[in-house]
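Accompanying notes for the structure given below.
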Amino acid sequence: MLDQIVFYFFAVLAVISAVMVVTRRNVVQSAIFLITALLATAGIFLQLHAEFLFIVQVILYAGGIMVLFVFVIMLVSLDVSLNQVQFNRQWWLGLLLALVLGAQLTIAVAVGRAGLPLGEPAPAKMLEPSTQLVGRVLFSEYVLPFEIASILLLVAMIGAVVMAKKKI
Amino acid sequence: MHTLIEFAKPILVPLICAVVIVAVLPLVAGYIVLLERKLMADMQARLGPMRVGPHGLLQPIADAVKLLLKEDIIPEEADKAIFWVAPLISVTVAMLAMAALAIGPWFQIADLNIGLLFVMGIGALGIFGIVLGGWSSNSHYSLLGALRSAAQLVSYETAAGMAIVGGLLLAGTLSTREIIQTQDDYGVWFIFAAPVGFFIYAVASIAETNRAPFDLPEAESELVAGYMTEYSGFRWALYFLAEYTNMVVVASIATTLFLGGWLRPFAGTKAFDFLDYLPSLLMLVFAGYCFYRVPKQPVKIQQAVLAAVGLLLILLAGILAAPLLVPAGSLVADAKAGLHGAFWFLLKVGLYLYVFMWLRFTFPRYRFDQLMHLGWQFLVPLSIVNVMGIGLALVLHRQWGWGHLPAFGLTTVLTLAVAGWLAWAGEKKEKQRAIVGEEA
Amino acid sequence: MIPTSHYLFLSLGLFTIGVIGVVTRRNVIVILMSIELMLNAVNINLVAFSRLVGSVEGHVFAIFIITDAAAEAAVGLGIIIAFFRNRETLLGDEMDLLKW
Amino acid sequence: MADERIPFATRAESTVLGADEIILNMGPQHPSTHGVLRVKLRLDGEKVIGSECVIGYLHRGVEKIAEHRSYQQFAPYVDRMDYVAAVSNGLGYCEAVEKLLGTEAPLRARVIRTILTELQRIASHLFWLGTHALDIGALTPLFYCLREREEILKIYEKYCGARLTTHAFRIGGLQYEAYDEFEKDVERFCTPFDKRVDEYEALLTENRIWVGRTRGIGVLTAKEAIDYGASGPVIRASGVKWDIRKAMPYAAYDLYKFEIPTGQNGDTYDRYIVRLEEMRQSRLICLQAIENIPAGPIMGKVGKVLKPPPGEVYHAIEAPKGELGYYIVSDGTTQPYRVRIRPPSLINLEAFDKMIRGHLVADVVAVIGTLDIVLGEVDR
């Protein structure tokens, strides 16, 4: 019961925040709603017993990436963009295509859901200390992707510095 | 009835703990402020608050009432909604971080298996309160203060995180409870195994809580009050509460990870069991001092308040002593772990905070670029070296069978050598820069 | 018990909202944020399936996606800053130069 | 200073990133502009690329008031200029008028004047040290300094009844004879004062953060210092051995031995060292002076109504902040025709822009602090 309440609460919160992200005029408000959406997702992770991912989501996504966003939003001027038209001229076309995509996915899931068993088939015991488990898998089977990801981060860091610096 | 209690038990205990924390924390923060003012006064050859209550003991309450009654000013051009929400974010996040901390073996809201990571991560969200507050005030000072603050927090979180990783390598777990248990098993606090890590965390935690000498975001003489410039009254008080809660949180992390949490000094040694009486004795000494000062108070009511404080301390002493005096096996004797654990934990937190304050009264403020230099060019490399050193020590100890002392001694010396080299190189570079600067 | 398909519906809902944001908004920062939303939706999917199958590999991939999102945000925001510095605008449809 | 570098149009929409430079207005209500100085800073990020000081918020027309007061009546007004060193202001004014009259105060009066002025120098420097350290973030030195300053103010209070705006001297000498315990009080203050200065030094001089915050900040070379007309500790820290007490001795300074401390780099750290050393030297002067205060009258032969012969005079003294000069023109009446005051704070402040350029916002307060300005004196 509690499980259901938690899930649906966070799901509704995430969807509402997501809608707010794309509709708000003020970018700062968009960013705040994005943070809420991300935190709601983190809550869903917690409900799925993915504690480590929950905290990664909070630290990295909400605490790291979004700080970057908020930082940049504050650095660039807002007053001008507040008065501009917020949507593309062909917004209806985009919306249409996006909705078509959404409909396709919905149909796909709706059709295929019969093949999906209900959740929670895995023994809960095995998943309990997910931190250790994730660590073990990450550093044994996925060591190469892990290292590649670190290289990616390094490259991104250098790229960001090169991009943002006035003169090098 | 019985089933109801059984059903409610797993929820009830954390709930009570949570309510206690939320209810008591503002009071504690107020008294930390009083303590800080008194200590500052003592170090600066003056008296500090003396008027409200005996020795200013009721000052925090008076301050709180004043702040509640103050006008809540919102700047005309401010982004009102965000201006409202920002302090709330700060406070909520700071209090949420307390959830995973184990204040004594009995008092903990939730023993998460990501414990320490949770505290760190939730603490990282506090930055939004600062940044949004600074931005929404629509003032240059606030914005600059907020940006500085954000940059500072992000920078020093790296160093603090790496320092914590060092400690976690030793503990092998993230749960706060198990970390302390591990230190009990080892028979040594991690500060002795990883002194450099503790040092890094201490410095970084001061910077993270925006305390002097790293209090640039609210550098009064430069940016007025940083991100809090436009805040007043209760909202300002919320920021203040968040700041002091954060101090308690980082002190608790340091206590848990490096200072042995709720463990008594020499917890494993029977010969030092007399230390169990120390808490009660300490309380009695304080109580005695209170009673000694009672006749010297000028007003009746002040005498009464001071006597009440003394009685409270005696009561505490009694509570702390009771488990030692009754025979083992009864419920009261079992309470020893919880009560004394909480006492030692809080004592260590208090000492850590004392060092915070001491530093604040002694040092001038860093400049922003110096702060960044210290963070990125000294603390971050050193913390990485520290992690490698601890890893090396663990390999030496576990796989090569070295003793604790040679393994950790060697790596600590190595780490210190790297620290010395880093400091020396930084100095040299600084000098070169100065020379180039003069020529240019 | 919550059926796994509910997670999928939530995920695709968030994803679609993200797509709508990307294709309709003009502000580059909002577009970037919508992309983050889409990545986030994918994460829910991965974790839900990971729960279904009973392994943690989904978590590992979610971590990789978060890493990727961080890298993307860093570079993307760097580009936005550089662009804003030169053109003083944040509108995506005015980004019509390949170099300056 | 007042050139048109900064068009001070507040660009409300200017952002930190959007514009290449932002303009930050510091003051007049700002905790560390020492009163009501307003500084307009042109910033590139956090780097100062230009500045302009806006003064006059405390202008009271002191010089104009002088033209409508008799010579004696004007004396209390000068105390209100540099209110943390009121005694020095009074000394300069009294000596200038005496010079105009062609008389000199008796030796006893001059010695007591010297003692009080040197105590004032210590008090002024103490106050400077406390606030300067506070600006840079060290809280504690302020209270140590105020503790010692309090002793000096107590001596003043005993001597003339006032602590801040003392009006201690009269034209022609002194109004009050030194009270009975005067020497003892001064000695009781001076003897342990050396240790007290050591205490401040222990807190600051070797402190890495303090050195980092002050060394190389606000550099003024010897030539620049001379060009800007700087004086006092500001010019001495640049390596120029210029002290009016030695160059053109007044009061009783020619009787005593003391050193002129100088620095080499002319940066904030050197000015700090120079001022600390000056406090030590002032203490030595006081100790020498109280050993032997000559007996005799304290008031010279000056009439009740002062009518100096027509003419003009310029007299400068070494006030704690630098050369404090009085230029007085007399037309033979009881009131001065014109009084012009050369306030050291104002002249030193003119070097501010030169000193701050290229440094960071945080250094602004350090540089304002190191100049040791008092706005009452800058604006008059």
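The values are calculated or read from the model by the stated rules, or taken from the named source; none is laboratory data. Every value quoted in this text rests on a predicted model; they were computed, and no experiment measured them. Positions of Cβ are backbone-derived with ideal geometry, glycine not excepted, and every protein chain shown enters the neighbour counts. Note: accessible area is taken over every heavy atom of the protein model, side chains too, but ligands, DNA and RNA are not part of it. Shrake-Rupley method; radii C 1.70, N 1.55, O 1.52, S 1.80 Å.
To keep it simple, each residue is scored yes or no on (1) of a type in the set (S, T, N, Q); (2) assigned to a loop (DSSP other than H, G, I, E, B); (3) under 26 Å from D:Asn25 (Cα atoms).
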residue	(1), (2), (3)
B:Ile73	no, yes, yes
B:Val93	no, no, no
B:Leu96	no, no, no
B:Leu125	no, no, no
B:Gly133	no, no, yes
B:Asn138	yes, yes, yes
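Determine, yes or no, whether B:Pro323 is over 26 Å from B:Ala29 (Cα atoms) and either open to solvent by less than 40 Å² (accessible area, probe 1.4 Å) or at pLDDT 75 or above (or both).
Against the criterion (over 26 Å from B:Ala29 (Cα atoms) and either open to solvent by less than 40 Å² (accessible area, probe 1.4 Å) or at pLDDT 75 or above (or both)), B:Pro323 qualifies.
Do we have C:Ile17 as open to solvent by less than 20 Å² (accessible area, probe 1.4 Å), farther than 18 Å from A:Val70 by Cβ, assigned to a helix (DSSP H, G or I) and among the hydrophobic types (A, V, I, L, M, F, W, C) here? Spell out how you get there, then give the answer.
Details: open to solvent by less than 20 Å² (accessible area, probe 1.4 Å): no; farther than 18 Å from A:Val70 by Cβ: yes; assigned to a helix (DSSP H, G or I): yes; among the hydrophobic types (A, V, I, L, M, F, W, C): yes.
Taking the combined requirement at face value, the residue does not satisfy it.
Pick from D:Tyr156, D:Tyr179: which is among the aromatic types (Phe, Trp, Tyr) and touching a Ser or Thr at 6+ places or on another chain (Cβ under 8 Å)?
D:Tyr156
The rows are residues; the columns are (1) among the polar types (S, T, N, Q); (2) at the interface with another protein chain (Cβ under 7 Å from one of its Cβ atoms); (3) open to solvent by 10 Å² or more (accessible area, probe 1.4 Å).
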{"position": "C:Leu8", "(1), (2), (3)": "no, yes, yes"}
{"position": "C:Leu12", "(1), (2), (3)": "no, yes, yes"}
{"position": "C:Asn27", "(1), (2), (3)": "yes, yes, no"}
{"position": "C:Ile31", "(1), (2), (3)": "no, no, yes"}
{"position": "C:Leu37", "(1), (2), (3)": "no, yes, no"}
{"position": "C:Val47", "(1), (2), (3)": "no, yes, no"}
{"position": "C:Glu57", "(1), (2), (3)": "no, yes, yes"}
{"position": "C:Arg87", "(1), (2), (3)": "no, no, yes"}
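Only one of (1) open to solvent by 70 Å² or more (accessible area, probe 1.4 Å); (2) farther than 28 Å from B:Ser155 by Cα is not met by B:Met388, so which one is it?
(2)
Looking at D:Arg280, is it of a type in the set (D, E, K, R), closer than 17 Å to D:Ile122 by Cα and buried (at least 21 other Cβ atoms within 10 Å of the Cβ)?
No; evaluated as a whole, the condition is false for this residue.
Does the range B:201-215 contain at least one residue that is open to solvent by less than 10 Å² (accessible area, probe 1.4 Å) and free of Cβ contacts under 8 Å to residues at least 24 places away in the same chain?
No; the residues of the range B:201-215 include none that is open to solvent by less than 10 Å² (accessible area, probe 1.4 Å) and free of Cβ contacts under 8 Å to residues at least 24 places away in the same chain.
Of everything in the range B:129-150 that's within 8 Å of chain A (Cβ to nearest Cβ) and open to solvent by 10 Å² or more (accessible area, probe 1.4 Å), which residue is nearest to B:Leu216 (Cα to Cα)?
Ranking the candidates gives B:Leu147 first.
When you go through (1) basic (Lys, Arg); (2) part of a helix (DSSP H, G or I); (3) surrounded by 16 or more Cβ atoms within 10 Å (Cβ to Cβ) one by one for D:Lys64, which number turns out not to apply?
Answer for D:Lys64: the failing condition is (3).
Suppose we filter D:Leu255, D:Leu204 for residues that are open to solvent by less than 30 Å² (accessible area, probe 1.4 Å) and either in contact (Cβ under 8 Å) with a residue 40 or more places away in the chain or not aliphatic (A, V, I, L, M) (or both); which single one remains?
D:Leu204
Conditions tested, residue by residue: (1) open to solvent by less than 50 Å² (accessible area, probe 1.4 Å); (2) at pLDDT below 85.
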| position | (1), (2) |
| --- | --- |
| B:Tyr231 | yes, yes |
| B:Ala242 | yes, no |
| B:Ala267 | yes, yes |
| B:Phe272 | no, yes |
| B:Asp276 | yes, yes |
| B:Pro279 | yes, yes |
| B:Gly288 | yes, no |
| B:Leu312 | no, no |
| B:Leu315 | no, no |
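In a helix (DSSP H, G or I) and within 29 Å of D:Asp44 (Cα to Cα): which single residue out of C:Leu39, C:Leu46, C:Leu32 fits that description?
C:Leu32
Which of the following residues is of a type in the set (Gly, Ala, Ser) and more than 27 Å from D:Val197 (Cα to Cα): D:Gly102, D:Gly130?
D:Gly102
For the range C:21-78, name all the residues that are of a type in the set (Asp, Glu) and modelled with pLDDT of 85 or more.
C:Glu36, C:Asp68, C:Glu72
Output the residue which, of all residues in the range D:153-187 that are under 20 Å from D:Tyr83 (Cβ atoms), out of contact with any Lys or Arg (no Cβ under 9 Å at 6 or more places or on another chain) and among the aliphatic types (A, V, I, L, M), is farthest from the other protein chains (Cβ to nearest Cβ).
D:Ala162
Exactly one condition in (1) farther than 30 Å from B:Ser139 by Cα; (2) within 14 Å of another protein chain (Cβ to nearest Cβ) is not met by B:Leu57; state its number.
(2)
Would you be able to tell me the number of residues in the range A:27-55 that are modelled with pLDDT of 85 or more, open to solvent by 10 Å² or more (accessible area, probe 1.4 Å) and farther than 25 Å from A:Phe87 by Cα?
Of the residues in the range A:27-55, 2 are modelled with pLDDT of 85 or more, open to solvent by 10 Å² or more (accessible area, probe 1.4 Å) and farther than 25 Å from A:Phe87 by Cα.
What pairs come up if the first residue lies in the range C:78-94 and is more than 22 Å from A:Ile65 (Cβ to Cβ) and free of Cβ contacts under 8 Å to residues at least 24 places away in the same chain, the second is open to solvent by 70 Å² or more (accessible area, probe 1.4 Å) and basic (Lys, Arg), and their beta carbons are under 8 Å apart, counting only those six or more places apart or on different chains?
Note: pairs meeting the criteria are C:Glu94/C:Arg87.
Which number in (1) buried (at least 20 other Cβ atoms within 10 Å of the Cβ); (2) under 27 Å from B:Ala254 (Cα atoms) marks the one condition that B:Trp358 misses?
Of (1) buried (at least 20 other Cβ atoms within 10 Å of the Cβ); (2) under 27 Å from B:Ala254 (Cα atoms), only one is false for B:Trp358: (1).
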